[in-house]
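Undergrad: Before I ask anything, let me first share the structure, which is written out below as structure tokens.
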Amino acid sequence: MRIPTPQLLGLIALASIWGASFMFIKVMLDELSPVEIGWMRLGGGAVLIMAVVAARRTPIPRDGRYWRSTLVVGLLGSAIPFFVIPLAEEEISSQLAGILNGAMPLWAAILAHVALVEERVDRVGALGLLIGFGGLAIVIGPGIFDLSDASTQGALLMLGAALSYAASAVWVRRRLRGVDSTLLAGNQTLLAFLYLTPWALAGGVPNPVDLPADVLWSALALGFLATGVAYLIYYWLLASLHATQASLVTYLAPVAAVFWGWAVLDETLGPGVWPGLALILVGMYLVNRPAAAPVVTSEGEAAEARQTSSAR
């Protein structure tokens, strides 16, 4: 099915923004700690998304089950990965981080197979998992079993962040079906910001005036653009495209991460990484191939589909 030109441009813009987030993090690591980066990112995103929620006058749920579930989503879907990804990028390039984040839909398929009866992995999906994880092993390289190697530790941390994203996605599908997607995004981002606040304050929050211009601009872009505006673009795409069409951003974001790392940070990938990236993309396609994907028809399904995106 053909994607209309405005939505196609939106997909490209969204993939570019989410791919650039890994580059922004790398720039910020020159002056900030991983927890400070995650905290600032969540703060900027929460301000923008909650402003949209307020403008829409979305009713705030009073159901205790909703808030208990959202506490888990805030932890798994934002607080943990937004801290762990900068931690990983202390040891690996932004390009490699963006590629390894592609493990998210692979992890999600495994967890959904266990937790969601209606989302069992079939034989083709199982083949996709084998191909995808084989590609990840190739990307990490022969040192994958050398846990004393700093780059291996960084790569495994990225896989852990992707696993946390995946667990959050499955939790949403299991416990938060039918909720307003924008409100859920705002609540989870705000709760994650509160989770990281004690840790950020304990280390001493830097004065923005003292930050170099490139770090300050990267912080603003990571919070407001990659965590705020990007979600709003994705909601629009989910409302106007089939879920399988919107999921194209999952395939484009790792490529965008490679581009931004090369264009801005002068990073380069070894020749062995490209076959691994190709296998990851093939595995992702087989796991989430069009024939097995649902159509988004409601805000609740939009929230679920948003959670399955691997691009952050």
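The values are calculated or read from the model by the stated rules, or taken from the named source; none is laboratory data. Everything quoted here is computed from the prediction, not taken from an experiment. Cβ placement follows ideal geometry from the backbone for every residue including glycine, while neighbour counts extend to all protein chains displayed.
Undergrad: Which residues, taken from segment 141-176, are over 17 Å from the mean Cα position of the chain (by Cα) and touching a residue at least 60 places away in the same chain (Cβ under 8 Å)?
TA: Gly141, Ser151, Gln153, Arg175, Leu176 - these are the residues of segment 141-176 that are over 17 Å from the mean Cα position of the chain (by Cα) and touching a residue at least 60 places away in the same chain (Cβ under 8 Å).
Undergrad: Quick one: would you say Leu96 is modelled with pLDDT of 95 or more, part of a helix (DSSP H, G or I) and closer than 22 Å to Ala263 by Cβ?
TA: So Leu96 fits the description; yes.
Undergrad: Quick check on Ala253: is it within 12 Å of Leu96 (Cβ to Cβ) and either touching a residue at least 60 places away in the same chain (Cβ under 8 Å) or among the aromatic types (Phe, Trp, Tyr) (or both)?
TA: no
Undergrad: Any idea which residue in segment 51-77 is nearest to Gly223 (Cα to Cα), counting only those that are of a type in the set (D, E, K, R) and either surrounded by 14 or more Cβ atoms within 10 Å (Cβ to Cβ) or free of Cβ contacts under 8 Å to residues at least 24 places away in the same chain (or both)?
TA: Arg57
Undergrad: Right, another one. Can you confirm whether Val215 is surrounded by fewer than 21 Cβ atoms within 10 Å (Cβ to Cβ), in contact (Cβ under 8 Å) with a residue 12 or more places away in the chain and on the phi < 0 side of the Ramachandran plot?
TA: Against the criterion (surrounded by fewer than 21 Cβ atoms within 10 Å (Cβ to Cβ), in contact (Cβ under 8 Å) with a residue 12 or more places away in the chain and on the phi < 0 side of the Ramachandran plot), Val215 qualifies.
Undergrad: Of the numbered conditions (1) outside any loop (DSSP other than H, G, I, E, B); (2) closer than 23 Å to Met28 by Cβ, Glu91 satisfies every one except a single condition; which is it?
TA: (1) is the only condition that Glu91 fails.
Undergrad: Would it be correct to say that Ile85 is at pLDDT 90 or above, closer than 23 Å to Ile25 by Cβ and not in a helix (DSSP H, G or I)?
TA: Judged against the criteria, Ile85 is not a match.
Undergrad: Only one of Thr152, Thr182 is closer than 24 Å to Leu75 by Cβ and either buried (at least 24 other Cβ atoms within 10 Å of the Cβ) or not charged (D, E, K, R) (or both). Can you tell me which?
TA: Exactly one residue qualifies, and that residue is Thr182.
Undergrad: Kindly indicate which of Leu96, Leu129 is surrounded by 24 or more Cβ atoms within 10 Å (Cβ to Cβ) and of a type in the set (A, V, I, L, M, F, W, C).
TA: Unique residue meeting the criteria: Leu96.
Undergrad: Moving on to the next point. Give the residues of segment 1-33 that are surrounded by fewer than 23 Cβ atoms within 10 Å (Cβ to Cβ), among the hydroxyl-bearing types (Ser, Thr, Tyr) and assigned to a helix (DSSP H, G or I), sorted by residue number.
TA: Correct list: Thr5, Ser16.
Undergrad: Then there's this: Can you list the helices (runs of 4 or more DSSP H) found entirely within segment 172-247 that contain at least 1 residues being among the charged types (D, E, K, R)?
TA: Filter on segment 172-247 gives 213-220.
Undergrad: Let me ask another. Restricting the first residue to segment 7-31 and requiring it to be under 21 Å from Leu241 (Cα atoms), which pairs with a second residue that is of a type in the set (Ser, Thr, Tyr) and part of a helix (DSSP H, G or I) meet a Cβ separation below 8 Å and a spacing of at least six or different chains?
TA: Gln7/Ser240; Leu14/Tyr234
Undergrad: Follow-up. Among the numbered criteria (1) small (Gly, Ala, Ser); (2) farther than 16 Å from Pro81 by Cα; (3) surrounded by 17 or more Cβ atoms within 10 Å (Cβ to Cβ), which one does Ala192 miss?
TA: That leaves (2) as the condition not met.
Undergrad: While we're on this one: Do the conditions hold for Leu222, that is, is it crowded, with 17+ Cβ neighbours inside 10 Å and over 30 Å from Thr58 (Cβ atoms)?
TA: For Leu222, the condition - crowded, with 17+ Cβ neighbours inside 10 Å and over 30 Å from Thr58 (Cβ atoms) - is not met.
Undergrad: So for segment 237-252 (the condition being over 17 Å from the mean Cα position of the chain (by Cα) and among the hydrophobic types (A, V, I, L, M, F, W, C)), does at least one residue qualify?
TA: Checked segment 237-252: at least one residue is over 17 Å from the mean Cα position of the chain (by Cα) and among the hydrophobic types (A, V, I, L, M, F, W, C).
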